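For reference, the structure is listed below as structure tokens.
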Amino acid sequence: EIKKVEGLEIIDSRGNFTVRSFVTTKGGVRDFGDAPAGASKGEREAVELRDKDGGVRSAVRSINYYINYALAKLDVRDQDKIDRLMIELDGTDNKSRLGANSMISTSIAVAKTAAKAMGIEIFNYIGGFRSHKIPIPLLNILNGGMHAGNELKIQEFLIIPVGFSTFSDAIKASTSIYRTLKNLISEKFGKIYTSLGDEGGVSPPLSKTEEALDLVYTAIKNSGYDNEILLGMDAASSDFYNSKLNVYEIDGTKKTPDEMIDFYKELCERYPILYLEDPFDENDFERFSRLQSKLSKVIITGDDLYTTNIKYLKKGIEMKSTTGVIVKLNQIGTVTETLDFFDLARENSIKTVISHRSGETEDNFIADLAVGLNSDFIKTGAPARGERTSKYNRLLEIEKEYEFKYNKI
Ligand code: PGA
Ligand code: ZN
């Protein structure tokens, strides 16, 4: 039985304020959940409560008063009921009354506290005995776009360790590539340019997409892993789409949407690219599907396109827009709705990517969520910085403890 829900203003990995929610049961079991924060947000995402000065005291108040009052005396294991109650109490389409940050931190705290009260692992609480797989990580080792100070328009250059039999071997190889990449950059540009972007990837002074791909691919080859590691990109292209002119401003030129199709096609021919996220503006479902049909072996993935909302995923399924989806808890605001979205993707054989945000905390709930659901992939940044390593380290722990198999594509 829930005794109390309390909010706390904490700091995230960008030094901004975010909210942590604590749930305490009558029996004295207590755990917390944190709300992460995006920078390149989708326009259809649920919205957070944020004060004019950047704080989240309004979100904390929302937890301490409305949510605390509504959840009192409920069974902490009743995740579905609790989440639906918060949705009802909020009463808006975009969670703007209670705040998606207040709601998701509480929803996560409820799940973690329930697992703790039952004395079981969080992934088991979520997935039961069906959980048996460690997801393949998509590691963002070179940052551009809104996450870095360089001129690169593509936001994320990802490495994907597919050719390994264990997760720990995959991580070992990935860290070696990450270090090689840093060495390449300090040789080429000087040590000062090994500075990191928001997700822990390097952000060298490059401006062209190809230069970045070349550099990452060279790091893979120099580390001797060109058979085991593939490449991916998150373009987050809504951020460089000019809707007035209907062009993408990238690599020093303006490209029409159709020219972007050719651009991606050529890159996929030149480099071993397995994964391509948000290649087009978040409203262009049609072009997603044209690219997906042209590049049938590449997992074209929707992040801002769907914002973890089944309403938009249904449209994407109808139009065959993508074969992959990003799953972000705070885009929709509750664990229950996140699971509904995940299930819909699974039922339609769409690859799932449980994902962090660029502004993160040390809360590692998404690692357990990904294992619990047997997700295909997890996207949680570079293998560096505490807010990213907390997720990787949790997966290493689960692998060792339970001898779960590493996922295969
Ligand atoms: P965000 O970026 O958290 O800043 O939205 C992550 C992503 O686009 O995948
Ligand atoms: Zn994205």
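The values are calculated or read from the model by the stated rules, or taken from the named source; none is laboratory data. Everything numeric in this text was worked out from a predicted model, so none of it was measured. Virtual Cβ from ideal backbone geometry, glycine too; neighbours counted across all protein chains shown. Remember, those area values only see protein heavy atoms, side chains included, never the ligands or the DNA or RNA. Shrake-Rupley method; radii C 1.70, N 1.55, O 1.52, S 1.80 Å.
Backbone phi angles across region 329-338, fed through the Karplus curve with coefficients 6.51, -1.76 and 1.60 (θ = phi - 60°), yield HN-Hα couplings of 3, 7, 6, 10, x, 9, 5, 4, 5, 4 Hz in residue order; Gly and Pro are listed as x.
For the Cα atoms of the chain, what angle does the longest principal axis make with the long axis of helix 285-294, in degrees from 0 to 90, nearest 10? Long axis of 285-294 versus the principal axis of the chain: about 50 degrees. For the chain, the antiparallel share of DSSP beta bridges with both residues in that region comes to about 60%.
Amide H to amide H, which residues 5 or more places from LEU276 or on other chains are under 5 Å from it, using H placed in the peptide plane? Distant-sequence amide H within range of LEU276: MET233, ILE299, ILE300, THR301.
How far, in nm, would the chain grow between ALA72 and ASN94 when pulled straight, counting 0.36 nm per residue and subtracting the alpha carbon separation?
Working: separation 22, 0.36 × 22 = 7.92 nm, distance 2.42 nm.
Length difference between fully extended and current span is 5.5 nm.
Remark on LYS351: its backbone amide H falls under 5 Å from those of GLY324, VAL325, a criterion applied only to residues 5 or more positions apart or on other chains, H modelled at 1.01 Å from N.
Heavy-atom accessible area for ARG287, with the other protein chains in place and a 1.4 Å probe, reaches approximately 50 Å².
May I ask for the Rg/Rh ratio of region 187-244, computed from Cα atoms with Rh as the Kirkwood radius, given to two decimals?
Details: Rg = 13.8 Å, Rh = 13.5 Å.
Ratio value, two decimals: 1.02.
Evaluated over the Cα positions of the chain, the convex hull gives a direction-averaged projected area, one quarter of its surface, of 18.7 nm².
Within the accessible surface of the chain, defined with a 1.4 Å probe on protein heavy atoms only, the carbon and sulfur portion equals 48 percent.
For the pair LYS172 and ASN227 in one chain, pulling the backbone fully straight at 0.36 nm per residue adds 18.3 nm over the alpha carbon distance. Annotation: LEU245 carries an accessible surface of approximately 100 Å², with a 1.4 Å probe and no ligand, DNA or RNA atoms counted. Relative to the longest principal axis of the chain, what angle (0 to 90°, nearest 10) does the C-alpha long axis of helix 100-118 take? Roughly 70 degrees between the two axes.
Out of every Cα-Cα pair that region 280-409 contains, those further apart than 25 angstrom amount to 27 percent.
Could you give me D for region 1-142, from Stokes-Einstein at 37 °C and 0.692 mPa s, where the hydrodynamic radius is the Kirkwood radius over C-alpha pairs? Units µm² s⁻¹, please. It would help to have the intermediate numbers written out before the result.
Working: Rh = 15.9 Å.
So the translational diffusion coefficient is about 207 µm²/s.
Legend: Rg and Dmax of region 1-79, from Cα coordinates, 13.9, 41 Å. Near ILE220: Cβ cut-off under 12 Å, other residues only, Lys/Arg at +1 and Asp/Glu at -1. The net charge is -2.
Give me the number: length gained by fully extending LYS297 to ARG179, i.e. 0.36 nm times residue separation minus the C-alpha to C-alpha distance, one decimal in nm. Each step should come with its number before you reach the end.
On the way: separation 118, 0.36 × 118 = 42.48 nm, distance 2.94 nm.
Gain on extension, LYS297 to ARG179, equals 39.5 nm.
At q = 0.24 Å⁻¹, what log₁₀ I(q)/I(0) does a Debye calculation on the Cα points of region 233-286 give, no solvent, two decimals? Summing over Cα pairs of region 233-286 leads to -0.99. Ligands, DNA and RNA aside, VAL47 has an accessible area near 60 Å² when probed at 1.4 Å. Counting only Cα atoms, region 97-139 measures 38, 33, 14 Å along its principal axes, largest extent leading. On the beta carbon distance between THR253 and ASP214, with R0 = 22 Å, the FRET formula returns roughly 0.75.
Could you please report the charge total around LEU291, scoring K, R as +1 and D, E as -1 over all other residues with beta-carbon less than 14 angstrom from its beta-carbon? Please report the intermediate quantities before stating the final value.
Working: positive: LYS255, LYS265, ARG287, ARG290, LYS294, LYS297, LYS320; negative: ASP258, GLU259, ASP262, GLU266, GLU269, GLU277, ASP278, ASP281, ASP284, GLU286.
Once positives and negatives cancel, what remains is -3.
For the options ASN364, ASN124, ASN143, a Gaussian network treatment of the chain with springs between C-alpha atoms closer than 10 Å singles out ASN124 as fluctuating the most.
With runs of 4+ DSSP H residues as the only contributors, calculate the mean residue ellipticity of the chain at 222 nm using -39,500 (n - 2.57) per run, divided by the residue total and rounded to the nearest 500. If you can, show how the numbers build up before the last one.
Values: 14 runs with 159 residues, N = 409.
Mean residue ellipticity, 222 nm, calculated: -12000 deg cm²/dmol.
Net charge within 10 Å of TYR66 by Cβ-Cβ distance, Lys/Arg positive one each and Asp/Glu negative one each, not counting TYR66 itself? Walk me through the intermediate numbers first.
Values: positive: ARG61, ARG97; negative: ASP90.
Its environment carries a net charge of +1.
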